[in-house]
Amino acid sequence: MKYIMITLLFSFTVLTAETYYLDKEAGNDDNNGTSEGAAWKNVSLIKNKSLDPGDQVLLKRGQSWDDVLNISSDGEDGQPIIFGAYGSGEKPEIYGMDISGDYIIVENLLIDHKKDDSDCVELSRSENLILRNLTIQNGLRDGIDGNRADNILIEGCTIRHFLNGSFSSQADAHGIVLTNTIGMTILNTEIYQVSGDCVQTDPDRDTLPTPDSLWIENCHFWTGPLIEDFNSGWKTGDIPGENALDTKLVKDDWDAIDRMQITIKNTIAHGWKDGNISNMAAFNLKEKIEATLDGVTVYDCEIAFRLRGTRGNANVTIMNTVVYECEKAFRVENDVANLKLYNSTFGANIDEFFKEADSENNRETWEILNNAFLAPKPAEAQHSSNKEALPSDFENSDGNEYQLSEGSSLIDQGIEVALVQTDRDGTLRPQGKGYDIGAYEFEGEPTLISADGFIGPEEISLKQNYPNPFNPETTIEFNIATPGAVTLAIYSSTGQLVRRLINSSFLPGVYSVKWDGKNIFGNKVAGGMYHYRLDSAGKSQTKKMLLIP
């Protein structure tokens, strides 16, 4: 098993050919548009405007256009065409967006579809797109519809309130739909209160090529009671939605297609229960897919994971995941095979861990190891590395926080799982004599040197590591004045995270921690300059250190 990520997309230094401005109040379409004082007026002008690679089109903040932004010009690798905002105030607002060009960046816009019965953002026959820091809202169809749109990054967006039909007569409207789309990455994005799925692949199950290479990371997908009427169909208190993710692929000749690759990391999903469909689930994983879920959190759902063996079987690997307050952790159907469940924690208020909808499942292909259950462990998890946990094994199980407490019976009791190199916080496994059981690896606390050490006016103090230069190990001391969360991390000279040494809460005092010159995968890093950064109480300090070969 390996992660597959189509990573954007295109790296570039923007060599701006021209910048055009749009000002609805003071602009004029007879202007040349190349300065704020000679801005254009109407967004619709862009439809027939031929833009060159490196051009920028900027809409004035605080203004609104009831038009679709049509983008059909092509940028180039290294010189994308950028659409964004200028001035101060709220994001510029447009009605919709239609992109059929390549190498395009759209950022910092509000796209409000006015509850109309069409897709809000359409991506078609385009490649290498970035949609960044957009708010996309209020439609009766899909928020983003990608059809033959490849190598797409959606980052830092909010997609909300796409509701079709009514609570009593549900009809699909999705946050993001992918058809014929190869390579979509969704990062740091929140999608909520849609009548279909937050993300769905191939809704018609009849297109080739099938979607592939979907990567979702640091996202938040949820639903819950509407706080106000949306229209005549959806009323205050109704709970819309089907799933956070629903995977569909072609029905005909499915055995001839490649298996769709999906990776989901550090993503939260909640609220899928008490809706108007049966078997409401956060993750509805089916058809011919290879899915890896790492560091996922699911709570307050009817079903956390619904897995199906139809049309090629959903091969699913789940690790470092936390599930609590769900009626069912798993519902498995259609002779599900190849389920891998590693180092996950099943917390409070789970009524049933495995609901096996079929009389027979391919259990002999399942591998369930190193999981913690805050209840008697289920029959499916009888391997000795799966343990029944007590509330005292966790730092705060009452608050549904499942980091291991000091002295937990889950520490060092697991077995080695080659695929699970770190825990959900990025801490290298194992830290002690063996793998810990559950989603977290107990790292122990840094050494407390003094409870009343000197604290400077910055409230934190990061000292120079010693020895420096060093090989293979060095010590880092730091002071904390205010109780709270503390992060201490090592970065390369280019800013890439190498190892997170500390990510926990501390009382005031002077502490020390050692770094052994290894990265999060346990590999020795190359000699050279590294940075270490301390974050606490809203403050941060950074210093350099030299690892000698």
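Key figures
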{"read-out": "Number of the exception - residue 186 against (1) crowded, with 23+ Cβ neighbours inside 10 Å; (2) touching a Ser or Thr at 6+ places or on another chain (Cβ under 8 Å); (3) modelled with pLDDT of 95 or more; (4) aliphatic (A, V, I, L, M)", "value": "(2)"}
{"read-out": "Residue that is polar (S, T, N, Q), more than 15 Å from residue 196 (Cβ to Cβ), more than 18 Å from the chain's Cα centre (by Cα) and open to solvent by less than 40 Å² (accessible area, probe 1.4 Å), where the choices are 180, 151, 147", "value": "180"}
{"read-out": "Residue in the range 318-336 that is surrounded by the fewest Cβ atoms within 10 Å (Cβ to Cβ), counting only those that are assigned to a strand (DSSP E or B) and either hydrophobic (A, V, I, L, M, F, W, C) or in contact with a helix residue (DSSP H, G or I) (Cβ under 8 Å, 6 or more places away or on another chain) (or both)", "value": "322"}
{"read-out": "Considering residues of the range 429-448 that are more than 26 Å from the chain's Cα centre (by Cα) and modelled with pLDDT under 85 only, the residue least open to solvent (accessible area, probe 1.4 Å)", "value": "446"}
{"read-out": "Scope the range 225-263; condition among the aliphatic types (A, V, I, L, M) and surrounded by 14 or more Cβ atoms within 10 Å (Cβ to Cβ); matching residues", "value": "226, 239, 244, 245, 249, 250, 257, 260, 262"}
{"read-out": "Looking only at the range 154-174, and only at residues there that are under 21 Å from residue 237 (Cβ atoms) and small (Gly, Ala, Ser), the one that is least open to solvent (accessible area, probe 1.4 Å)", "value": "173"}
{"read-out": "Qualifying residue in the range 304-312 (condition: of a type in the set (Val, Ile, Thr) and more than 20 Å from residue 420 (Cα to Cα))", "value": "yes"}
{"read-out": "Considering residues of the range 74-100 that are outside any strand (DSSP E or B) and among the polar types (S, T, N, Q) only, the residue surrounded by the most Cβ atoms within 10 Å (Cβ to Cβ)", "value": "100"}
{"read-out": "Within the range 264-289, tally of residues that are in a strand (DSSP E or B) and open to solvent by 40 Å² or more (accessible area, probe 1.4 Å)", "value": "1"}
{"read-out": "Contacts under 6 angstrom Cβ, first residue in the range 119-138 being open to solvent by less than 10 Å² (accessible area, probe 1.4 Å), partner of a type in the set (Ser, Thr, Tyr), 6 or more apart", "value": "126/100"}
{"read-out": "Any hit, the range 358-370, residues being at pLDDT 95 or above, buried (at least 24 other Cβ atoms within 10 Å of the Cβ) and not charged (D, E, K, R)", "value": "yes"}
{"read-out": "Residue that is most open to solvent (accessible area, probe 1.4 Å) [pool: residues in the range 101-118 that are in a strand (DSSP E or B) and hydrophobic (A, V, I, L, M, F, W, C)]", "value": "110"}
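Conditions (1) outside any loop (DSSP other than H, G, I, E, B); (2) touching a residue at least 12 places away in the same chain (Cβ under 8 Å); (3) of a type outside the set (Val, Ile, Thr), marked per residue:
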position	(1), (2), (3)
32	no, no, yes
59	yes, yes, yes
66	no, yes, yes
70	yes, yes, yes
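The values are calculated or read from the model by the stated rules, or taken from the named source; none is laboratory data. Note that the structure is a prediction, hence the values are computed from the model and not measured. Every residue, glycine among them, receives a Cβ derived from its backbone with ideal geometry; neighbour counts consider all protein chains shown. These accessible areas exclude ligands, DNA and RNA; they are computed on the full protein's heavy atoms, side chains included. Shrake-Rupley method; radii C 1.70, N 1.55, O 1.52, S 1.80 Å.
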